[in-house]
Amino acid sequence: MPTYMDIHEIPGGVSAKDVADAHNKDVAVQEKYGVKYHKYWVNEKAGKVFCLCHAPDAEVAKRVHREAHGLMPNKVIRVEPEMAELFMGEADVNNTGAVVFPGGSNDRDPGIRTILFTDIVGSTSLTQKLGDEAAMELLGVHDKIVRDALAELGGREVKHLGDGIMASFVSAASAVKCASRVQREVAKHCREKQDRSFKVRAGVAAGEPVEHHNDLFGCTVQLAARLCSHAQAEQILVSNVVAELCEGKLLPFEDLGDLTLKGFDHPVRAHAATWSNEAL
């Protein structure tokens, strides 16, 4: 059965209790329609609720909401279950159906995720210079460095991109620390093996699962990818939202002002993360 995620936007915010009550009402009538509402993410302050369900189609999923409590979603998108798990992680759910942060915390997860892209700079030129076999060895070095950093900092690999990796984080600070760790480890490799050196760039953006595009994290993924493409060798570019989420985390950024990025109608404010500090 298809999987859907919907978004409810409640101006002025929403209480966790009201969302829990609505979810319980959904559960009470869902069997009648062959629907299963599994869990939800709630951002109380922003008034955003994201529900994940299995349903025959989007209209039937909305019918459950209509009969249960009348609170209709602003948007419903179909998602692939595997991709939802890669982006959102294996969720811990409390007794009301709300997703909470892992590790025994009862703090509700608002559904915001930070997306990281890495990219080997000039991979085509490297292949022409070194040959296919040596270029594949360098790709293997990149992949191991990135995956080790993801394992250490709580990131999840979403997709391998041929010459880079896309990953998802619950914590924006962890995503920036991961990108910094990757840059330091690549620099270390290049110092030790100068005949097999390469450089990496990275882009980081944060957002909600259902945005303007009818795709899971569509705008956030596009922004992180564009920031990565815009970055210079050995640079980490982050969106303004990421920099704001990292406030108080002692992570150094250089404000680059507004950047013109392909695919975006308006300039995007960006920051460069300083990654040379071994403490990051």
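Computed values, structure above
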{"quantity": "K17 vs. criteria assigned to a helix (DSSP H, G or I) and loosely packed, with under 15 Cβ neighbours inside 10 Å", "calculated": "yes"}
{"quantity": "Those residues of the range 171-202 which are surrounded by fewer than 19 Cβ atoms within 10 Å (Cβ to Cβ) and either touching a strand residue (DSSP E or B) at 6+ places or on another chain (Cβ under 8 Å) or in a loop (DSSP other than H, G, I, E, B) (or both), in sequence order", "calculated": "K193, S197, K199"}
{"quantity": "Residues that are in a loop (DSSP other than H, G, I, E, B) and either touching a residue at least 24 places away in the same chain (Cβ under 8 Å) or within 19 Å of H189 (Cα to Cα) (or both), drawn from the range 107-130", "calculated": "D109, P110, G111, I112, V121, G122"}
{"quantity": "Verdict on D57 being over 20 Å from V14 (Cβ atoms), more than 19 Å from the chain's Cα centre (by Cα) and not assigned by TED's automatic domain parsing to the domain that holds V221", "calculated": "yes"}
{"quantity": "Residue that is nearest to E85 (Cα to Cα) [pool: residues in the range 44-61 that are out of contact with any Cys (no Cβ under 8 Å at 6 or more places or on another chain) and buried (at least 18 other Cβ atoms within 10 Å of the Cβ)]", "calculated": "L52"}
{"quantity": "Any chance Y4 is at pLDDT 95 or above, within 24 Å of H212 (Cα to Cα) and of a type outside the set (A, V, I, L, M)", "calculated": "yes"}
{"quantity": "From the options L161, L130, residue that is more than 19 Å from the chain's Cα centre (by Cα), aliphatic (A, V, I, L, M) and either outside the structural domain of G47 (by TED's automatic domain parsing) or over 30 Å from L245 (Cβ atoms) (or both)", "calculated": "L130"}
{"quantity": "Selection count, the range 214-235, where residues are buried (at least 16 other Cβ atoms within 10 Å of the Cβ), of a type in the set (G, A, S) and either in a helix (DSSP H, G or I) or not assigned by TED's automatic domain parsing to the domain that holds S123 (or both)", "calculated": "3"}
{"quantity": "Test: residue in the range 247-267 that is within 16 Å of A202 (Cβ to Cβ) and touching a residue at least 60 places away in the same chain (Cβ under 8 Å)", "calculated": "yes"}
{"quantity": "First in the range 143-159 and at pLDDT 95 or above, second anywhere and of a type in the set (D, E) and in a helix (DSSP H, G or I), Cβ under 6 Å, 6 or more apart", "calculated": "I145/E185"}
{"quantity": "Residue in the range 238-251 that is crowded, with 21+ Cβ neighbours inside 10 Å and among the polar types (S, T, N, Q) present", "calculated": "yes"}
{"quantity": "Any hit, the range 226-244, residues being hydrophobic (A, V, I, L, M, F, W, C), within 21 Å of the chain's Cα centre (by Cα) and modelled with pLDDT under 95", "calculated": "no"}
{"quantity": "V238 being under 23 Å from G89 (Cβ atoms), assigned to a strand (DSSP E or B) and either touching a residue at least 60 places away in the same chain (Cβ under 8 Å) or in contact with a His (Cβ under 7 Å, 6 or more places away or on another chain) (or both)", "calculated": "yes"}
{"quantity": "Filtered residues of the range 247-280 (kept if among the small types (G, A, S) and either farther than 17 Å from Q235 by Cα or in a loop (DSSP other than H, G, I, E, B) (or both))", "calculated": "G248, G263, S276, A279"}
{"quantity": "So A84, is it of a type in the set (G, A, S), under 19 Å from the mean Cα position of the chain (by Cα) and part of a helix (DSSP H, G or I)", "calculated": "yes"}
{"quantity": "Any pair with Cβ under 9 angstrom, 6 or more apart, that starts in the range 214-226 at a residue that is closer than 17 Å to N74 by Cα and ends at one that is among the aromatic types (F, W, Y)", "calculated": "L216/F87; F217/F87"}
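The values are calculated or read from the model by the stated rules, or taken from the named source; none is laboratory data. Quick caveat, the model's predicted, so the values are computed rather than measured. So basically every Cβ, Gly included, is an ideal-geometry build from the backbone, and we count neighbours across all protein chains shown.
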